[in-house]
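The values are calculated or read from the model by the stated rules, or taken from the named source; none is laboratory data. Keep in mind that this is a model prediction, so the values were computed, not measured. Here the Cβ is made from the backbone with ideal geometry for all residues, glycine too, and neighbour counts use every protein chain on show.
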Amino acid sequence: MDKQAVLLPLPMFMLFLLTLFIHGAESSSCPMDLNYVETFPWDTSTCRNPIDKGHCCQALLSVIGIGLSQYLKETSLFQLPNENTSSTCLLDFQARLQALAIDPSLVPSCFPNPSQFVTNSSICAGIITVQDWKQKVGLISPVDTSCNGDLSDQTRCSICSDAGLKVTSQLNGMDPNASNCFYFTILYASAIVNELGPTDLGTASCILGMPLAVKGSKNKVLKLVFGLLGAVVGVLLVFLLIVMYRKWDKRRKENMYHRSVENGVRNSVLPNTGAKWFNISELERATNKFSQKNMVGQGGDGVVYKGTLADGSVVAVKEIFDLETKGDEDFCYEVEIISKIKHRNLLALRGCCISSDNVKGKRRFLVYDFMPNGSLSYQLSITGANRLTWPQRKNIILDVAKGLAYLHYEIKPPIYHRDIKATNILLDSKMKAKVSDFGLAKQGNEGQSHLTTRVAGTYGYLAPEYALYGQLTEKSDVYSFGIVILEIMSGRKVLDAMNSSVVLITDWAWTLAKSGNIEDIFDESIREGPEKIMERFVLVGILCAHALVALRPTIAEALKMLEGDIDIPQLPDRPVPLGHESFQTSLLHGLQRSGRSTPFLSSYSTSMSTIDIETLV
C-alpha cells in the first residue's frame, strides 16, 4: 500500500499538530509514562511501508493500552481526566513513534478524536473507577478468576478471553447504549487482575492483543538447525517421547480422576430421587451452547442459564464457579445434600453434569426445574413493581416455613440451609415458593448446636450468635426466616440507608411495633388486608429475628403461630440494636478473635451484595 494513501493532507496534519501544541500548553505533562513505547518488543511492521492502516491502528491502540493499564493500576481511573491531558499524551506518543522512524501522522489518522481516551460516565455503564467496576460487575467476576498468572499458554489465554466476553456481555446488558466496555474489560484484566502487569509479554499479547516482534533472522535459525540437526536428532526424539508419555500419563490420570468424581456424584444421588445424569452435549443443545441470551442470573458461586431439554421441559442450568478453590468435594457434598430432599417447597435436583476438556477445563453443572416467576427478591424489587398481593405474601411465608420445617425435622440428621434470603426463594408459575441453593447447607447433630470457624452466609440475614461465635443451630435459619418475613410484609430491604446511617430491618420493625404503630410496617399495597392476621405475621417475623437465640421460636413453633394454632408471646425486650455502633464493635472484635478478615464489615453496613464469608476465612 502506498504510504501517502494513509497520511492526512498536509493542512489537516498541521492543524492537528497545532491543536496538540495548544492542548499541551494548557496541560503541563502526560500522567502516563510512555518510555516503554521505544523499548517494548512490539511488531512495528504494519506501520511501515507498505502501511497496513487497519492493523497498524489496532497495534497502536494496544501500545497505548499498556500506558492506560499502568495508569489504571496507579490511579484506579480507567481513562484520562480531560481532553487536554489526552492531547498531551497523544503528542508524547507521537514523538515516541517518530523516534522509531514511524510516520507521526499515523497518530491523528488512527485517533482523530482525543476524547476517546477521556473519562466519560456515558461510555460504559457509568464506570469511571475500579470501585465503580466492582459495584457493576461484582467483587469476583469471571475475569478475576481466569486472567491471572502467565497467559502465554494458548489454553489459559482462551479461557481468559472467554471470561472477558462474558463480563463485556454483562456490562452491555446493563446499558444497551454503552460503548468501549470491551476495552474497559481488557484494561481491568491487565492492570488489576494480572499480577504480572501489562508490560509482561504474555499479558500484553493475550489480553491487550499486542503483536510481538519476532527476534532473530529466520535464515540464521534455519542454518543453525540444519548444522546441528545430525547431533541433536537423537536428543529431540528422546525428548519427544518423554513429552508424549507425560501427556498420555497426565490425560490418563485426569480421566481416572474424572471417573472417580463422576462415580462419587453418582453414588451421592440416592435411589428413586428422579435425578438424571446429563451429558455436556445435552446441556449445550438445551442452552444454545450456553448463549448469553439464555443467561438468567449470575452470583459469586456460578451462573444460571435457561434451557429447553429434548423432551420440551424448561430447566435452569447452573454452572459452578471457583472450582479450583472449592474442589470437587464441595460439589459432591452439595449433590448429596440436594438428593436427600424431596418436598414441594424445596427446589429439587433435576440432574447434574461433570465435564472436562483441554480448552474449558473442568466444569460442573446442576440442573433444576425452571421457575418462571423468578426470585422473591425480584418480585419485591422496583423492577418487579412489588405487586405481590396479601394472599400471595401469606402463602410464600407459609411455604418457606414448611420447607424449613422439613429440613429441620423430617430429615435425619437435620439440614441447616445457612443462606435463607429473598434471592434464594424462587416462585413457580402458580407463585408457590421453593427454597433453593443448598451450596452452603450443612448437616447438623439433632438437638445439638454446632460450633464452626467457617461462617458462611449473607450479611443482614446472619444470626448474631453464628456470625460472632460460629454457633450454628436450627435457630440460625429461623433468624434468617424472620428477616424474610419482615421483607415480605414491608417491601423493604434487609438493610436500608436512612439519614446517612444503615438501619437493619429488625431494628426498624421492632421500634414501630413497640411504639404501637405496627400498621406502618405493612407495605402500602397490602394495607387494605386483614389487619389482625397481618399483625400476627409481623410479630412472628420480629420474634424469629430476635437477637437472642433463646428467645426465638423453633421453625415448628413459628409455623403454628403463623397459622394461628398457638398464641404469640409478648415481644421480649431487645438488646442494643444490631445496627448500633457498640454491636458493630463487638462484631469486629469477634471476627478478629476468630482470625477472619474484617474489611467486609463496611460492606455489611453499606451494600446488599451477597458475601460468602466462608471464602474470607
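The table below lists the values:
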| read-out | value |
| --- | --- |
| Options D153, D175; residue that is more than 17 Å from the chain's Cα centre (by Cα), modelled with pLDDT under 90 and closer than 21 Å to M295 by Cβ | D175 |
| Filter result for the condition that a residue is at pLDDT 95 or above and either within 20 Å of L388 (Cα to Cα) or touching a strand residue (DSSP E or B) at 6+ places or on another chain (Cβ under 9 Å) (or both), over G491, G482 | G482 |
| Some residue of the stretch 97-116 being among the small types (G, A, S), in a helix (DSSP H, G or I) and under 36 Å from the mean Cα position of the chain (by Cα) | yes |
| Top-ranked residue of the stretch 423-440 - restricted to ones that are buried (at least 23 other Cβ atoms within 10 Å of the Cβ) and closer than 22 Å to R492 by Cβ, ranked as nearest to the chain's Cα centre (by Cα) | N424 |
| Sole exception among (1) under 44 Å from the mean Cα position of the chain (by Cα); (2) at pLDDT below 50 for L8, by number | (1) |
| Elements of type helices (runs of 4 or more DSSP H) contained in the stretch 120-216, each with 3 or more residues being surrounded by fewer than 16 Cβ atoms within 10 Å (Cβ to Cβ) | 154-174 |
| Matching option when the condition is among the small types (G, A, S) and buried (at least 19 other Cβ atoms within 10 Å of the Cβ), among S115, S87 | S87 |
| Output for the stretch 433-479, where each listed residue is part of a helix (DSSP H, G or I), farther than 24 Å from D496 by Cβ and modelled with pLDDT of 85 or more | E474, K475 |
